[in-house]
Ligand code: ARG
């Protein structure tokens, strides 16, 4: 069938191998709805511009709507050997309504057709992913809200560094996912230009109105230049980059969940719904889900690199290489949406062992910096001198097998007479955490301010 529609100069049936390489229907059938909506807008504009008759338009409109129903009801099988979704739908239309179907492709090429379909698909997915990100942010906010006073060791180099609270740790991820949300929504500003009516590469001599189709399809306006429009896949690269970056964030959180659920940390327990067993070791409960989220991040990077590579050598304008834009995007979108859904559910249902987190704060002299800060603030010592005094205090504490936070005022004073005994209370881990009260810092108060500002941001989004 595809040979008849779009192969005026080809006299032989395509080789089976060509079809296997060339046909995109097996994967681009996902675009059926966008293709039909795009065609409906195009046909309406053709009628309004008197390029086709009203009768032809009515027939086309009815035919396309029937095809939409047939596909959604599983009555039109999209597993045939048509070249792609565009040819499959046009072929079926002509089968259904005859000659008017053959007029639909006036002033249009598959080059602008696929560009508009794919833009609408990516635009929709940007919205789906943005909404899931908001859900994830709300889940993390809830956890943060309940744990602004739960101590855990803040780390650098995966070594205990300073006491922080678990809410603050969650808010770090909220900040990352907020940036992700903004990237997906910003991309939709740039995507929102319609390439429809660009035809093959140079526009068309027919008196079309691209503003009309752009408006009908919810675009801000038509694209500027047709040569660019039929070969531009920046919007696909953007969603791939946005997904890759978001997956990197998901992967970092997953890595922490894996560490935290190990017996060495014991900070969290994933619910049994999100853990798996071992086929040989009966005692095991494995964190396969965060491991898979971490693992799937790899393919999202791969899809981005693939398309960047496909695009890098293409002369203007359309080249069939561009057909390789779709599978990677479909795969990344599926990976992203599934990962987000699973992550939200897993975070909601995991249990948090606040005692284990607080216990871990007694290892590693987390409040050492507080002692140095005290000597600077109260004794007027230069920071570097204070830093060295605290170094020797830590050595002494190690010898006494104590954490610095557990040394008494007398013990501290004995180690160095410049340390007054009343400093001991400042070395308590909770006092230390709350002392870091600067904007964006870890104190309970500051963490609550961060939560409040994100709640306001969420409300503002909902009003828009
Ligand atoms: N299936 C093609 C794609 O996805 C549609 C465009 C084909 N255009 C062409 N001139 N062969 O890119």
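If you average the sequence gap of Cα pairs under 8 Å that are 6 or more apart and divide by the length of the range 349-464, what percent do you get for the contact order?
Taking the mean separation of contacting Cα pairs over the length of the range 349-464, I get 20 percent.
How much of the DSSP bridge set in the chain is antiparallel, in percent, rounded to the nearest 5?
80 percent
Assuming a ≥ b ≥ c are the square roots of the Cα gyration tensor eigenvalues, decide whether the range 1-155 counts as rounded (a/c under 1.5), prolate (otherwise, with a/b larger than b/c) or oblate.
It is prolate, given that a/c is not under 1.5 and a/b is the larger ratio.
Report the full-extension gain for the segment residue 9 to residue 398: residue separation times 0.36 nm, less the Cα-Cα distance, to one decimal in nm.
131.5 nm
What is the gain in length, in nm to one decimal, between residue 48 and residue 430 on full extension, counting 0.36 nm per residue of separation less the C-alpha to C-alpha distance?
130.4 nm
Could you give the angle, 0 to 90 degrees to the nearest 10, between helix 110-146's Cα long axis and the longest principal axis of the Cα atoms of the chain?
20 degrees
Rounded to the nearest 500, what is the 222 nm mean residue ellipticity of the chain from helices alone, with -39500 (n - 2.57) per DSSP H run of 4+ residues and division by all residues?
That comes out to -20500 deg cm²/dmol.
Rounded to two decimals, what is the ratio between the C-alpha radius of gyration of the chain and 2.2 N^0.38 Å?
In units of the 2.2 N^0.38 Å rule of thumb, it is 1.34.
By the gyration tensor of its Cα atoms, with a ≥ b ≥ c the square roots of the eigenvalues, what is the shape of the range 128-181: rounded for a/c under 1.5, prolate for a/b over b/c, or oblate?
oblate
Antiparallel as a % of all DSSP beta bridges within the range 151-235, to the nearest 5?
Counting only bridges with both partners in the range 151-235, antiparallel ones make up about 75 percent.
Going by alpha carbons, how many degrees (0 to 90, nearest 10) lie between the helix axis of 32-48 and the longest principal axis of the chain?
Long axis of 32-48 versus the principal axis of the chain: about 50 degrees.
What percent do you get for the relative contact order of the chain when only Cα pairs under 8 Å and 6+ apart count?
15 percent
Arrange the following residues from fewest to most other Cβ atoms within 10 Å of their Cβ: 173, 387.
Fewest-to-most ranking of 173, 387: 387, 173.
Using a basic spin-label model with each label point 7 Å from the Cα along Cα→Cβ, how many nm lie between residue 149 and residue 22?
7.2 nm
What FRET efficiency, computed as 1/(1 + (r/R0)^6) with R0 = 35 Å and r the Cβ-Cβ distance, is obtained for residue 73 and residue 124, rounded to the nearest 0.05?
Once rounded, the FRET efficiency stands at 0.95.
Between the range 418-445 and the range 247-271, what is the separation of their alpha carbon centroids in Å?
A separation of 28 Å, based on Cα centres.
Explain nothing, just the number: relative contact order of the range 20-78, from Cα pairs under 8 Å at least 6 residues apart, as a whole percent.
36 percent
In degrees from 0 to 90, rounded to the nearest 10, what is the angle of the helix 288-311 Cα long axis to the longest principal axis of the chain?
Tilt relative to the chain: about 50 degrees.
What ranking of 206, 105, 147, 42 emerges when the number of other C-beta atoms within 10 Å of each C-beta is taken as an exposure proxy, fewest first?
206, 105, 147, 42
If you stretched the chain out fully between residue 305 and residue 292, how much longer would it get, using 0.36 nm times the residue separation minus the C-alpha to C-alpha distance?
2.6 nm
Since every read-out is calculated from the coordinates, none of them should be taken as a lab result. All figures in this text were calculated on a predicted structure; none of them were measured in a lab. Counting neighbours? That spans all protein chains shown, and the Cβs are built from the backbone with ideal geometry, glycine included.
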